[in-house]
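Here is the structure we will look at.
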Amino acid sequence: MVRLSFYGGINEIGGNKILLEDAGRRLLLDFGFPYKRHKLFYEEYLKPRSGAGLLDPLVLGLLPPLEGIYRDDLEVPGLWQQFRDIPSYRRLEQVDGVLLSHAHLDHSGHISFLRGGIPVYATSVTAFVIKAMQDSGKTDFDQQVCYFSPTRRECPAGWKQTAFLTSDLPRQQRQFCVADREPQALSPEALRFWEWGFWEKTAKQKELSSCPMTGHHDCSFNLRCFPVDHSIPGACAWGIETGSGWVVYSGDLRFHGKRAELSQNFIEGAAALRPRALILEGTNVERESNVAEREVYENGLKAIKGSKGLVIADFSPRDVDRLLTFLQIAKETGRKLAILPKDAYLLKTMRLLEPETPDIAREGSIAIYQDTIASRYPNLWVRNICQEYEDKIVLAEDVASAQEDFILCFSFFDLNELPSIRPRAGSLYVYSSSEPHDEEQEIDFRRLHKWLEHFGLRGFGLPLEINGEWVIPDAERGLHASGHACGADLLKIAREIKPEILIPVHSEHPDFFVEHLSGSKMDIALPVMGGTIEI
Ligand SMILES: [Zn+2]
C-alpha cells in the first residue's frame, strides 16, 4: 500500500507539499512556500520571528508537524512536546529526498527548513536557477533553499530569553542531485558557479551529484524526470515507481509557451508508464483558452512600435522566455533592453547550461541598468556582474537623456528609480504579468497607477479597477502568457495519460475534474489538507 499525504497545495494555488510513502521508503514531492496562507497571518512588517525558527510556522500550520525532517538548529527547546498530541503529528525516521518540480518558491521555498541531509532531486537548470536566485536575492531565513546558514542558540549573559544568533558556523549547501545530466560533464565554468560563495575553508560546499537516471545515486526509488514547459526554465514532472505502480506528479505546466513540445513529450512518456495515479495541477481550470508566448511577442511589438519616449516593460524577472520575447521586441524596434543586474546574473547562469541563451557580452541589444544610489557595501555578485559587463552598464542619466533608445525591464518594486529617470510624458508602461490575486496586490496596483499618473506614463495591458473588478481593456489584452495550462489542456493531459486515479492539486476548483471526467474510467480522488490517500 502506498500512502500519499497532502500538506499544502490543497484548494490553494501553490505551497505544494506531498509526502509519498511506500514500505518505509519516503519522498517529498515539492516543499513549497504557502504564500496565500502565509499572507493570512503576515505582511511586510509582521513576519515570522527568524529567532523562533520552526516554532512560528508550525504553530500557524504553515509547516506540517513531521518531527525528524527539519533542521535541528531551528528547534527551540521543548518544541516537539507541543505537537505530539495533535492528530497530524508524526515522527518520520527517514526521508529519501525531495523531488522538486521547479524553482518557483511556492514549490521550493520551505526546503529551507528541511534537514541538510535530505537530498533535493531536480533538473540541472532548476538547481542553477535556485542558486542564482538565492545568490542575488533576499536572504530571509525561510528562503534559504540552495544553502543555509546554521544558527546557534545563545543568550547574552543576564537575560532570560531564548535567542537564536546566526553564528560563525559555515554556510551549508544542500545536496542537489541533478536528473538530466552527468554532473561530471558540466563545464569548469558551470562548476565554478556552483561552488561560488563557498570559498571559506570551513564552508560545507556540496558537489552536485547524479540521480538514479543519470547513474549512481543511492536513492531506493526508480524515478523518471520529464522536462515540461512552464514560466520558469528547468521545470519538470516526475514519475515514481512504487509497490502500487507508477505515480506521476505534474508540477506546473503549459502547452502554449516556447517549450510546448516538452509538455507534449511528458504526456506520451507518462502514458507509457500506465500510471496508477496522476497528481495534476489545476491552476487555470476555469480558463477556456490560453494566450501563447508568440502572441505576447506580436501584441508587445504592436504596442511598442512607433511609441515615443521611454518604454518600461513589467514582467516576472525569472521568466527567461519572456525576457527573450522582449529582447526580440527591442531588436525589432531599434531599442536596447535594459535589464537589472539580477536578471543579468540569471541569464549568465542559464547560459552555463543552455548555450543558446544570449551572451550578454556579445549581445548589442542588452544593457544593464544599475541603481542610481550606490551602496556602501555592494554585494559581491553585483560587483562581479557590473565589472564583467562594465561597458554594458547604463545609469538613470543615460536612460533619461536617450529615452527612445530603451525598453527598461522594471517591476513595481523598481518604480522608486523613476525620480532619477524622469520619464517624458507619454512614455509607455507595458504590463506583461498576471492580474492582482489578493487585496495586498490590489493596493500595489493602485499605487502603480498613481506612479504612472504622476509621471504621465501611459499604461498598456494594465488592469484597471472598474466597479471593484480589475479588468484589462479589450484592446490591450494578450500581453501575458500564463505559466499554466487552461481547463481544456488539463483535461487532455488526464485523458491521454489515463491514470487509474487522478488527484488534483494546486487548484482552487479541483471539482472541475469531477464535473468533466465523471463517466470516464478514472477515479478522481480529492485530497484534503493533512489527509492521506492510499493507493
Ligand atoms: Zn510555478
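Throughout, read-outs are computed from the coordinates displayed, never taken from laboratory work. All figures in this text were calculated on a predicted structure; none of them were measured in a lab. A quick note on method: Cβ atoms are made from the backbone with ideal geometry, for glycine too, and the neighbour counts reach across all protein chains shown.
Label points 7 Å out from Cα along the Cβ direction at A23 and R383: separation in nm?
5.5
So what's the Cα pair-distance distribution over region 1-160, bin width 5 Å, in %?
It works out to 2, 8, 17, 22, 22, 16, 8, 3, 1, 0, 0, in whole percents.
Place +1 on the Cβ of every Lys and Arg and -1 on the Cβ of every Asp and Glu in region 325-379, take the dipole about the Cα centre, and give the residue among L347, P378, A330 whose Cα lies farthest towards its positive end.
Projecting each Cα onto the dipole axis, the largest value belongs to P378.
How big, on average over all directions, is the shadow cast by the Cα convex hull of region 449-496, in nm²?
Details: hull surface 20.4 nm².
Approximately 5.1 nm², given one-decimal rounding.
What list of ³J(HN,Hα) couplings, whole Hz, do you get for region 69-75 from phi and the Karplus terms 6.51, -1.76, 1.60, once you set θ to phi - 60° and write x for glycine and proline?
The phi angles translate into 9, 9, 5, 4, 5, 9, 8 Hz.
Long-range amide H contacts for A367: which residues qualify at under 5 Å (H placed 1.01 Å from N, peptide plane, sequence gap of 5 or more or a different chain)?
Counting only residues 5 or more places away or on other chains, the set is L337, A338, I339.
Would you work out which of H102, L479, L415 lies farthest towards the positive end of the dipole of the chain? Charges go on Cβ: Lys and Arg +1, Asp and Glu -1.
My answer, from the dipole projection, is H102.
List the pairs from K17/K348; K305/K450; K308/K331; K392/K450; K138/K342 whose alpha-carbon separation is above 22 Å, in the order I gave them.
Values: K17/K348 31 Å; K305/K450 25 Å; K308/K331 16 Å; K392/K450 31 Å; K138/K342 11 Å.
Too far apart for the 22 Å limit: K17/K348; K305/K450; K392/K450.
Please list, in chain and number order, the residues 5+ apart from A179 or on another chain whose amide H is under 5 Å from its amide H, with Hs placed from the backbone.
A122, T123, S124
What does region 419-535 give for Rg and for Dmax, in Å, if only its C-alpha atoms count?
Radius of gyration, then largest Cα-Cα span, for region 419-535: 20.8, 62 Å.
With r as the distance between the Cβ atoms of S420 and R171 and R0 = 30 Å, compute the FRET efficiency 1/(1 + (r/R0)^6) and round to 0.05. Don't jump to the answer; show the numbers that get you there.
Working: r = 35 Å, r/R0 = 1.16.
The computed FRET efficiency comes out at 0.30.
Please give, to one decimal in nm, the separation of the simple spin-label points placed at E93 and C155, each 7 Å out from Cα toward the Cβ.
The modelled label-to-label distance comes out at 3.6 nm.
For region 350-426, what number results from the quotient of the Cα radius of gyration and 2.2 N^0.38 Å? Don't jump to the answer; show the numbers that get you there.
Values: Rg = 14.0 Å, N = 77, 2.2 N^0.38 = 11.5 Å.
Its radius of gyration relative to the 2.2 N^0.38 Å reference: 1.22.
F406's amide H: which non-local residues (gap 5+, or another chain) put their own amide H closer than 5 Å, with H modeled 1.01 Å from N in plane and none for Pro or chain starts?
Residues meeting the amide H criterion: V311, K336.
What are the equivalent ellipsoid semi-axes of region 57-140, built from the alpha-carbon gyration tensor (square roots of five times its eigenvalues), in whole angstrom, biggest first?
26, 14, 11
Size of the chain along its principal axes in angstrom, Cα-based, largest extent first?
Projected onto its principal axes, the Cα set of the chain covers 69, 66, 51 Å.
Based on the mean of other Cβ atoms within 10 Å per residue, sort peptides 239-252, 116-129 so the most packed one is first.
Put in order of decreasing packing, that is 116-129, 239-252.
With each pseudo-label sitting 7 Å past Cα toward Cβ, what's the E508-E182 distance in nm, one decimal?
For E508 paired with E182, the spin-label model returns 4.8 nm.
Which of the peptides 346-352, 399-405 is most tightly packed, and how do the rest follow, judged by the mean count of other Cβ atoms within 10 Å per residue? Kindly include the intermediate steps, with their values, before the conclusion.
Working: 346-352: 21.3, 399-405: 15.4.
Listed from highest to lowest mean packing, they are 346-352, 399-405.
Given a Förster distance of 30 angstrom, what is the FRET efficiency for E440 paired with R49, based on the Cβ-Cβ distance and rounded to 0.05?
Working: r = 21 Å, r/R0 = 0.69.
Working from the Cβ atoms, E equals 0.90.
Compute the distribution of all C-alpha to C-alpha distances in region 107-198, in bins of 5 Å from 0, and list the percent of pairs in each, rounded to whole numbers.
2, 12, 21, 23, 16, 11, 6, 4, 3, 2, 1, 0
Which value in Å does the Kirkwood hydrodynamic radius of region 476-535 take, with 1/r averaged over all unlike C-alpha pairs and then inverted? Kindly include the intermediate steps, with their values, before the conclusion.
Values: mean 1/r = 0.0764 Å⁻¹.
Mean inverse Cα-Cα distance, inverted, gives 13.1 Å.
Between the helical axis of 124-136 and the dominant principal axis of the chain, each derived from Cα atoms, what acute angle in degrees is found, rounded to the nearest 10?
Taking the Cα atoms of the chain, the angle to 124-136 is about 60 degrees.
Quick one: putting +1 on the C-beta of Lys and Arg, -1 on the C-beta of Asp and Glu, what dipole do you get for the chain around its Cα centre, in Debye to the nearest 20? Intermediate results must be reported in sequence, preceding the final value.
On the way: 60 positive and 76 negative charges, 175 e Å.
I would put it at about 840 debye.
I'd like the Karplus ³J(HN,Hα) series for region 57-65: coefficients 6.51, -1.76, 1.60, θ = phi - 60°, whole numbers in Hz, and an x wherever there's a Gly or Pro.
x, 6, 5, 7, x, 7, 10, x, x
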